[in-house]
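> Take a look at this one; I'll ask things after.
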Amino acid sequence: MNPVPNNAVSMAIFAWNEESSIQPMLESLFSQSLFFEETVEDARTRIEALVRDRGYRVAKVRATIDRTNLVRTTVRFDVEPGPKTQADVVRIE
């Protein structure tokens, strides 16, 4: 495991229309982190759970890390929400 980089970390979420609601949670997560790869995976699973909770039950999120810039490490989260799940009938017994 690598420690969180000393340089700045930027995050981007693509292909989903509610990115702004997730950004503060990600910033908090990364600011409290000790191990960078663990934090990226934790963020990826949290984003996936949030998207699924909003009705996209087959959502997939992929994270990539770009360390080519010596000043800034970039983490990109690509969201594939898939079709929205809807119920025709709900029965409570």
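The values are calculated or read from the model by the stated rules, or taken from the named source; none is laboratory data. Predicted, not measured: the structure shown is a model, and the values here were computed from it. Here the Cβ positions follow ideal geometry from the backbone for every residue, glycine too, while neighbour counts run over all protein chains shown. Quick note on the areas: whole protein, heavy atoms, side chains included, nothing else; ligands and nucleic acids left out. Shrake-Rupley method; radii C 1.70, N 1.55, O 1.52, S 1.80 Å.
> Looking only at residues that are open to solvent by 100 Å² or more (accessible area, probe 1.4 Å) and at pLDDT 90 or above in the range 59-76, which one is nearest to Arg44 (Cα to Cα)?
For the range 59-76, the residue satisfying everything is Arg62.
Each row is one residue, and each column tells you yes or no for (1) open to solvent by 70 Å² or more (accessible area, probe 1.4 Å); (2) at pLDDT 90 or above.
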position: Pro3; (1), (2): yes, no
position: Glu19; (1), (2): no, no
position: Ile22; (1), (2): no, no
position: Ser28; (1), (2): no, no
position: Thr45; (1), (2): no, yes
position: Glu48; (1), (2): no, yes
position: Arg57; (1), (2): yes, yes
position: Gln86; (1), (2): yes, no
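> Starting from the range 39-54, keep only residues that are under 14 Å from Ile65 (Cβ atoms), then list their pairs with residues that are basic (Lys, Arg) and surrounded by fewer than 20 Cβ atoms within 10 Å (Cβ to Cβ) whose Cβ atoms are within a distance under 9 Å, requiring at least 6 positions of separation or different chains.
Listed pairs, sorted by first residue: Arg44/Arg62.
> Val79 passes all but one of (1) open to solvent by 80 Å² or more (accessible area, probe 1.4 Å); (2) under 14 Å from the mean Cα position of the chain (by Cα); (3) in contact (Cβ under 8 Å) with a residue 24 or more places away in the chain; which number fails?
(1) is the only condition that Val79 fails.
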